[in-house]
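For reference, the structure discussed in these notes is given below.
The values are calculated or read from the model by the stated rules, or taken from the named source; none is laboratory data. Model, not experiment: these values are computed from the prediction. Every residue, glycine as well, gets a Cβ built from its backbone with ideal geometry; the counts of neighbours run over all protein chains shown. We work out accessible area using only protein heavy atoms, side chains counted, and drop any ligands, DNA or RNA first. Shrake-Rupley method; radii C 1.70, N 1.55, O 1.52, S 1.80 Å.
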Amino acid sequence: MDKEQVIVASKEALQSGVRLGMRSGGVSAIAPSTLLLDRNPTKEKLALECLTMALLQFTPEVTHAADFCIHLDVTTTLRLFGGRLAICHKIRESIRRLGFTAILGTAPTAMGSWLLARARQRRLFSVRRRAIKMGTLEKRLDQLPCRLLPSAAVHEEWLSGIGADHLGALRRLPRAGLVRRTNQQLLNELGRAYGEAPELFEWIKVPLTFSARLETYDRIEHADALLHGAVRLIGQLIGWLVSLQQAVSHFVLILEHERGRAAIDPSTIEIMLAEPAWHEEHLIRLLKERLGRVELIAPVIALRLDVKQVVPMIAPTQSLFPEPGGNPANFNRLLELLTARLGRENVLTPVALNDYRPEVCNAWGPASDKPIRLDDETELLERPFWILDKPIALIMRDERPFYISPLKIIKGPERVEAGWWDDQIAARDYFVAQASDTSCYWIYLERTQEAKWYLHGLYA
């Protein structure tokens, strides 16, 4: 409702008899169960900005137009999204996920597509909303009423009196006389629609940081119910990432609770990805798993999504001969999904620590953390994969260490002197030894007053 008149009605309200321009009293008399909402310009602006940010994933050339319209120049991205029909379906699906509905119009000119979309909005079903060639666009524009042009709407009565009810008839009128009786703006709009005048746009400038906020319709007491709002924020995030050619590796969903005297600190849900991503389905799946494990400390009244870390987007390459073992990205996504479902502390992977002692440098860490790269990887490769929890003392036979059979030293030594900083000093000389059956072992000689040999690792 705006100024006590209906300006927008849902499909169900129209079926109940509600009409545009109807007063609130008439709506209550015809359809008593109809919910009346006052127009809120602030929320309309936020909704338009939300849609604009999300649609940036389809093209970087996005701008606003009159009558809550958004122009997208998809000339350079049609092939990327599979053609005109495919990109229209994807745009409509993206808008639906955000909780909105839209009427799409496509044409070689922005003004022409805007007029075709407005014609459908005004229930002019005889006119199709898509035109590919200029000839087709001209035929469809000729059928539209003149009142769809903003500059012609004020002269509708005069134009109707001279028989210029449609744009085709208006276009055939003498230009000089038309300017004297109307204005130059009308000719400019007519020329832009038919491609006879240039169209200049100021494209949306994308911010370098991302932070989006969304107020909930009601006090949310269950975390699962927050997914709908989180999907809207993720849709905006995807548009921002694609427009800047970035991939997110760390972002935070902030749950805002009560304000004022009973204020409660916001709750945070951190998502750290094993591999940077920009795919909507994957990010939504991770959030869904995390929200399923969250217990709210208080009702939620707003959501905010903040991006903490991004990296340049690296598009996947299609190889004629793929690497064996599947796609590594699928494994990383599995780790991310398990981390979101089970918790960061319950999904671990082997990691190497910066310590020379074998029993210390091999550890377990969260799979979502980046592993520490050692400066000397050759030393790591020479060590065995299997390290014993407790070294086994070896006996000596014929002045050689013995384990199942006498061991022959084939490589070494590797001297390790470390642990002075935590009072666990290790002074050892490590060797690679081979048994009579060609099995290899990792043994060391403890450099003490009573030197002894120990078995510490097994090779495959």
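Summary table
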{"quantity": "Residue match in region 149-160 (condition: at pLDDT 90 or above, on the phi < 0 side of the Ramachandran plot and surrounded by 17 or more Cβ atoms within 10 Å (Cβ to Cβ))", "calculated": "no"}
{"quantity": "Residue satisfying all of: in region 387-412; touching a Lys or Arg at 6+ places or on another chain (Cβ under 9 Å) and free of Cβ contacts under 8 Å to residues at least 40 places away in the same chain; nearest to Ala352 (Cα to Cα) among these", "calculated": "Ile409"}
{"quantity": "Criterion (over 14 Å from Gly105 (Cα atoms), in a loop (DSSP other than H, G, I, E, B) and of a type in the set (Gly, Ala, Ser)) met by exactly one of Gly163, Gly135, Gly177", "calculated": "Gly163"}
{"quantity": "Among the candidates Pro328, Pro322, residue that is more than 28 Å from Ala262 (Cα to Cα), more than 21 Å from the chain's Cα centre (by Cα) and modelled with pLDDT under 90", "calculated": "Pro322"}
{"quantity": "Residues of region 26-68 satisfying the condition of being assigned to a helix (DSSP H, G or I), open to solvent by 50 Å² or more (accessible area, probe 1.4 Å) and more than 20 Å from Gly99 (Cα to Cα)", "calculated": "Ser28, Ala29, Ile30"}
{"quantity": "Single residue of Arg171, Arg213, Arg129 found to be surrounded by 16 or more Cβ atoms within 10 Å (Cβ to Cβ) and within 23 Å of Thr52 (Cα to Cα)", "calculated": "Arg129"}
{"quantity": "Residue that is surrounded by the fewest Cβ atoms within 10 Å (Cβ to Cβ), among those in region 187-210 that are among the acidic types (Asp, Glu) and within 29 Å of Gln245 (Cβ to Cβ)", "calculated": "Glu202"}
{"quantity": "When residues of region 84-101 are limited to those that are open to solvent by 20 Å² or more (accessible area, probe 1.4 Å) and assigned to a loop (DSSP other than H, G, I, E, B), the one modelled with the highest pLDDT", "calculated": "Phe100"}
{"quantity": "Residue selected from region 386-402 under the condition farther than 19 Å from Glu450 by Cβ and open to solvent by less than 70 Å² (accessible area, probe 1.4 Å), by the criterion modelled with the highest pLDDT", "calculated": "Leu388"}
{"quantity": "Per-region count, region 271-310, residues open to solvent by 50 Å² or more (accessible area, probe 1.4 Å), closer than 17 Å to Phe210 by Cα and at pLDDT below 90", "calculated": "2"}
